[in-house]
Amino acid sequence: MSLQVQPRLITLEGGEGAGKSTVLAALRDALEATGVEVVCTREPGGTPLAEQIRGLLLDPHHEPATPEAELLLVFAGRAQHVRETLLPALRRGAWVISDRFTDASYAYQGEGRGLDPAFIAELERRVVGIEPALTLLLDVPVAIGLQRARGRGAADRIEAEREDFFERVRAGYRARAQAQAHRFHVIDASQPADAVAAQAVARLRLLIEAQS
Ligand SMILES: Nc1ncnc2c1ncn2[C@@H]1O[C@H](COP(=O)(O)OP(=O)(O)O)[C@@H](O)[C@H]1O
Ligand SMILES: [Mg+2]
């Protein structure tokens, strides 16, 4: 059984400081200018319970989650997010932009933590069941992204990881974008923010045209 493609679901992926939040705002503005309803959300998180799980995942004060515990916590939040936020919005015809979604698990828990992608795929099939029509991968060298993210203040649990972890995450994202080229669009996010946003909005317009 394959995943159900959601024509109005767009996801943003990329490492820390790649510019996801910045691009999300540009996409939201472009969509809202066309008069449609737009729901912006994020993972981990996106519902009150899932935001609590996000807090657990990112809190540097308790012992680190084992890779398996981290994966299952992420998917527990995602199960909630899909049913409580994504599907209701998509069913009433809204566009949804999510700052990270299942691809992040293949990159962070798969490549980053070394968990079996077949296990992640099984969770995706049983727990998620849907995939976006468009995924924008904001690809930036790790050092640049970390430098941008550190401008934001204290590091959370994930941000405090070692550089080789982020290199694996980046490589995982790029490999996934190649393997699923039909829905991924990779943007060189080392460019200035307005150039990155303009490319993201141009790709969004192609998606809108393809559907009208
Ligand atoms: N293309 C860019 N070039 C330079 N700085 C950027 C760019 N995109 C975002 N930034 C800045 O870098 C920081 C991290 O961006 P943000 O959008 O929060 O990244 P993310 O959500 O992917 O972690 C912010 O201060 C933002 O203003
Ligand atoms: Mg962000």
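The values are calculated or read from the model by the stated rules, or taken from the named source; none is laboratory data. Here the structure is a predicted model, which is why all the values come from computation and not from measurement. Cβ: placed from backbone, ideal geometry, glycine included. Neighbour counts: every protein chain shown. SASA here: full protein model, heavy atoms, side chains in, ligands and nucleic acids out. Shrake-Rupley method; radii C 1.70, N 1.55, O 1.52, S 1.80 Å.
If V23 satisfies every condition in (1) in a loop (DSSP other than H, G, I, E, B); (2) modelled with pLDDT of 95 or more; (3) of a type outside the set (G, A, S); (4) within 16 Å of ligand 2 (Cβ to nearest atom) but one, which is the exception?
(1)
What tally of residues in the range 1-27 results from selecting those that are buried (at least 17 other Cβ atoms within 10 Å of the Cβ) and either within 16 Å of ligand 1 (Cβ to nearest atom) or without any contact (Cβ under 8 Å) to a residue 40 or more places away in the chain (or both)?
Number satisfying all stated conditions: 16.
Kindly evaluate V169 against the criterion of being touching a residue at least 12 places away in the same chain (Cβ under 8 Å), open to solvent by less than 20 Å² (accessible area, probe 1.4 Å) and of a type in the set (A, V, I, L, M, F, W, C).
Numbers: touching a residue at least 12 places away in the same chain (Cβ under 8 Å): yes; open to solvent by less than 20 Å² (accessible area, probe 1.4 Å): yes; of a type in the set (A, V, I, L, M, F, W, C): yes.
Spelling it out, V169 is indeed touching a residue at least 12 places away in the same chain (Cβ under 8 Å), open to solvent by less than 20 Å² (accessible area, probe 1.4 Å) and of a type in the set (A, V, I, L, M, F, W, C).
Can you run down the residue pairs with Cβ atoms below 6 Å, 6 or more apart or on separate chains, where the first is in the range 63-78 and closer than 14 Å to E161 by Cα and the partner is part of a loop (DSSP other than H, G, I, E, B) and open to solvent by 40 Å² or more (accessible area, probe 1.4 Å)?
Note: pairs meeting the criteria are P67/R113.
Can you pull out the residues in the range 140-150 that are without any contact (Cβ under 8 Å) to a residue 60 or more places away in the chain and not hydrophobic (A, V, I, L, M, F, W, C)? Explain how you work it out, then say what you get.
Let us first name the residues in the range 140-150 that are without any contact (Cβ under 8 Å) to a residue 60 or more places away in the chain, namely 141, 143.
Within the range 140-150, just P141 meets the criteria.
One line per residue, one yes/no per condition, for (1) within 16 Å of ligand 2 (Cβ to nearest atom); (2) part of a strand (DSSP E or B); (3) more than 19 Å from L136 (Cα to Cα):
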{"site": "P60", "(1), (2), (3)": "no, no, yes"}
{"site": "A65", "(1), (2), (3)": "no, no, yes"}
{"site": "E70", "(1), (2), (3)": "no, no, yes"}
{"site": "F75", "(1), (2), (3)": "no, no, yes"}
{"site": "A79", "(1), (2), (3)": "no, no, yes"}
{"site": "I97", "(1), (2), (3)": "yes, yes, no"}
{"site": "A107", "(1), (2), (3)": "yes, no, no"}
{"site": "L115", "(1), (2), (3)": "no, no, yes"}
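Restricting attention to the range 56-77, and to residues there that are among the charged types (D, E, K, R) and under 24 Å from T41 (Cβ atoms), which single residue is surrounded by the fewest Cβ atoms within 10 Å (Cβ to Cβ)?
Per the stated criteria, the residue is D59.
Out of the residues in the range 84-110 that are surrounded by fewer than 24 Cβ atoms within 10 Å (Cβ to Cβ) and without any contact (Cβ under 8 Å) to a residue 60 or more places away in the chain, which is nearest to R125 (Cα to Cα)?
Among residues in the range 84-110 that are surrounded by fewer than 24 Cβ atoms within 10 Å (Cβ to Cβ) and without any contact (Cβ under 8 Å) to a residue 60 or more places away in the chain, the one nearest to R125 (Cα to Cα) is L87.
So, in the range 196-212, exactly how many residues are open to solvent by 30 Å² or more (accessible area, probe 1.4 Å) and within 16 Å of ligand 1 (Cβ to nearest atom)? Write out each step before concluding.
Here is the first cut: in the range 196-212, the residues open to solvent by 30 Å² or more (accessible area, probe 1.4 Å) are 198-199, 202-203, 205-206, 208-212.
So of that shortlist, the ones also within 16 Å of ligand 1 (Cβ to nearest atom) come out as 198-199, 202-203.
Counting residues in the range 196-212 that are open to solvent by 30 Å² or more (accessible area, probe 1.4 Å) and within 16 Å of ligand 1 (Cβ to nearest atom) gives 4.
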